[in-house]
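The values are calculated or read from the model by the stated rules, or taken from the named source; none is laboratory data. Please read all numbers here as calculations on a predicted model, not as lab measurements. All Cβ positions, glycine included, derive from the backbone under ideal geometry; neighbour counts span all protein chains shown.
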Amino acid sequence: MKRNWQQCSPTQRLGRWRVPQATMNRRGDLKLSRVAWEMLGLAPYAFVLFDKPNQTIGIRPCRGHLKDTFKLTADGRHGAAVLNLASLRYDFGIKFDITIRFHEIHADQDGTLILDLTKATAAYHGHRIGAFHSERKEKLERKRQVAPY
């Protein structure tokens with residue numbers, strides 16, 4: 001039998017810590033991973049832009065505190081940053097009652113980080129039932145599971 005071998009390289013796949021990630025909770029706190037914040041040049045402030053027809057959030061870095069800039073605050077041990085976007089929710093009527101995760105995060109030619117709301121999904125992954133339950137507006141009644149025997 002003839003085999004058609006192809007060599008696999010460990011650097012072709014990007015792991016969890018090498019891709020930009022962002023989540024937003026229902027209160028409007030946007031959390032950027034270290035990689036996403038590095039795409040902004042570790043800027044301490046940022047302009048927040050919103051494209052309503054395309055449902056896209058843009059984050060443009062700014063080196064100093066100017067009018068209409070939002071402060072990026074360092075969070076956690078691994079270099080994440082938090083940006084409070086509660087006013088974005090109220091100004092443009094963005095409503096969701098769960099934490100969402102943005103996919104396909106990238107920077108455009110101007111250095112603006114692009115977060116597409118149409119490609120965002122719920123950040124619930126099945127393991128953090130208590131955290132997911134506390135994020136709900138309509139609380140579900142918790143029931144004890146019946147033993148299978």
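At-a-glance table
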{"quantity": "Residues that are in a strand (DSSP E or B) and without any contact (Cβ under 8 Å) to a residue 12 or more places away in the chain, drawn from region 67-87", "calculated": "Thr73, Ala74"}
{"quantity": "Meets criteria (surrounded by fewer than 16 Cβ atoms within 10 Å (Cβ to Cβ) and either in a loop (DSSP other than H, G, I, E, B) or of a type in the set (Gly, Ala, Ser) (or both)) for Arg3", "calculated": "yes"}
{"quantity": "Region 115-135, subset under 18 Å from Asp29 (Cα atoms) and assigned to a loop (DSSP other than H, G, I, E, B), residue modelled with the highest pLDDT", "calculated": "Ala120"}
{"quantity": "Single condition Leu42 does not satisfy, out of (1) part of a loop (DSSP other than H, G, I, E, B); (2) at pLDDT below 85", "calculated": "(2)"}
{"quantity": "Residue in region 89-108 that is closer than 29 Å to Met39 by Cα, out of contact with any Leu (no Cβ under 7 Å at 6 or more places or on another chain), at pLDDT below 85 and among the acidic types (Asp, Glu) present", "calculated": "yes"}
{"quantity": "Pairs where the first residue, in region 88-107, is among the charged types (D, E, K, R) and the second is surrounded by 13 or more Cβ atoms within 10 Å (Cβ to Cβ) and part of a loop (DSSP other than H, G, I, E, B), C-beta under 9 Å, 6+ apart", "calculated": "Arg89/Arg26; Arg89/Gly28; Arg89/Phe96; Lys95/Arg26; Asp97/Arg26; Arg101/Gln21; Arg101/Ala120; Arg101/Ala123"}
{"quantity": "In region 67-84, residue surrounded by the most Cβ atoms within 10 Å (Cβ to Cβ) [restricted to those that are in contact with a helix residue (DSSP H, G or I) (Cβ under 9 Å, 6 or more places away or on another chain) and under 9 Å from Ala46 (Cα atoms)]", "calculated": "Leu72"}
{"quantity": "Whichever residue in region 24-68 is among the β-branched types (Val, Ile, Thr) and out of contact with any Ser or Thr (no Cβ under 9 Å at 6 or more places or on another chain) and, among such residues, is farthest from Gly93 (Cα to Cα)", "calculated": "Val35"}
{"quantity": "Contacts under 8 angstrom Cβ, first residue in region 1-30 being within 20 Å of His106 (Cα to Cα) and at pLDDT below 75, partner of a type in the set (Val, Ile, Thr) and not in a loop (DSSP other than H, G, I, E, B), 6 or more apart", "calculated": "Trp17/Val35"}
{"quantity": "Filter result for Thr112 (modelled with pLDDT of 60 or more, touching a Lys or Arg at 6+ places or on another chain (Cβ under 6 Å) and surrounded by 10 or more Cβ atoms within 10 Å (Cβ to Cβ))", "calculated": "yes"}
